[in-house]
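Every read-out reported here was derived from the displayed coordinates using simple, explicitly stated rules and does not represent laboratory data. Predicted model only: the values in this text are computed from it and were never measured. Don't worry about glycine lacking a Cβ; one is built from the backbone with ideal geometry, like all the others, and counts go over all protein chains shown.
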Amino acid sequence: MKKLISFFMAATMMLSLAACGNGVSQADTQGESSVTSVSSETSVTTSSEEVKNEDNKNETSADTTETSVSKAEETEPEEEALPEAYLSEIYATHGLKVGTCLSPNMLNNSVNVKIIKEQFNSVTLENDMKPEAIINKTESVAAGNIVVSFNSNAKKMLDFAKENNMAVRGHTLVWHSQTPQWIFYEDFDTKKELVSREVMLDRMETYIKGVFELISESGYEDMIYAYDVVNEAWMEDGSMRDSLWKQTIGDDYLWYAFYFADKYAPESIDLYYNDYNEQYKVSTLTKFVETLKDDDGRYLIDGIGLQAHLYTQDNLKSYLKAVEDIGKTGLKVQLTELDVCLGAYQQPQKNTDTNLKNQGQWYYELIEGIFEMVDNGTITSDALTFWGYADSLSWRSTQYPLLYDGQKKPKYSYYGAAQMKEYAGY
Ligand code: GLA
């Protein structure tokens, strides 16, 4: 067990009694599938995504101004433990990379940069490799087919990862949300008809091929070890989510997305299907991945990404059982967007010391369970990603889901995630 050093310093544990914000469980969006336009020309979303978009507002604001979650109360100086090993070192002993999502705002602050560099060895761009960020409208219209390019934020973050020897998860290619609507219409004009299946398949192939070419040409190929080819295509009731990809191509758009990704991605990049509420979709996902094979029965997919947007009142045992069952497919499994809010959906809890301790224990037992399954070969995994590191930078900032508080001090949850039980709130 890691040896600890300790020292005296003024602790600034967050003790605010500020009410938690709106809890949003994606579980509770079950069965909703109506297609709605968020901003008429930019994105496609479903009503479940509208619920998520409430939180995305936080995400956006977190991206520009760090959210002031609550005022920290000064407390008497107390003993604070410092880890001897960083998360990246601890996770490496189980063969795992450990990641955070990354927004441009995080790189403008030296404290963030220091913590990210010390603790993590993998990053996922929070927004800047999503379809709406990467598909270039001007160039697509001029070319008559989808053209992709990196915006300056994406380049800045990918260069940061490269300079600091960090690995990158690509996120994401085919999604119903944060995707420009115009790509589905004749002449890229939303006033015209949706294109035919053949045209959309051609656009999909051009898009996916273009992304992998762009990555190689830009010198980022070696850093990227995994890519979310499709995000969030299934509902909790086992039905396929409605989307313009599905409407234009048909249900086999999912197979084609993986077929094209397999065709154009470098061998070194693992191809993932990524989804939320995974604990309610086990049989849907395990059946689905069996369909992702070529004529020779070879898988077109390498791994299943479990977003792991969880709550401290979720049933941890059931969650770990779901991970185990998904792992039985034999594909790699990664927790890709882990955060654990205080409380339950629509029953957020305040960030009292008791609730934060409970969160620390929850994180401890979750990570302990994942490490056990990795170590004994029940699941195959090579990385685990947190959806950020500090509460104030989280898309669910009002529910205190992460490892550090708004003052960038480690919470009990940090020690839980670091498997330092004696500091994790027990
Ligand atoms: C999903 C996506 C993430 C992020 C979150 C928050 O989990 O995969 O990229 O957008 O929603 O909205």
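Quote to one decimal, in nm, the extra length available between Ser110 and Asp295 on full extension: 0.36 nm per residue of separation minus the C-alpha distance between them. The partial results should precede the final answer.
Details: separation 185, 0.36 × 185 = 66.60 nm, distance 5.12 nm.
Additional length available on full extension: 61.5 nm.
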Low-density loop cleavage sites - GluC sites (Glu not before Pro) in the range 215-324, where at most 11 other Cβ are within 10 Å (DSSP)
Glu267
Kirkwood hydrodynamic radius (C-alpha pairs) into Stokes-Einstein, the range 160-284, 37 °C and 0.692 mPa s, D in µm²/s
210
Which trypsin sites (Lys or Arg not before Pro) does the range 141-202 hold that lie in a coil by DSSP with at most 12 other beta carbons within 10 Å?
Lys191, Lys192
Can you pull out the trypsin sites (Lys or Arg not before Pro) in the range 270-343 whose DSSP state is coil and whose Cβ has at most 13 other Cβ atoms within 10 Å?
Arg298, Lys328
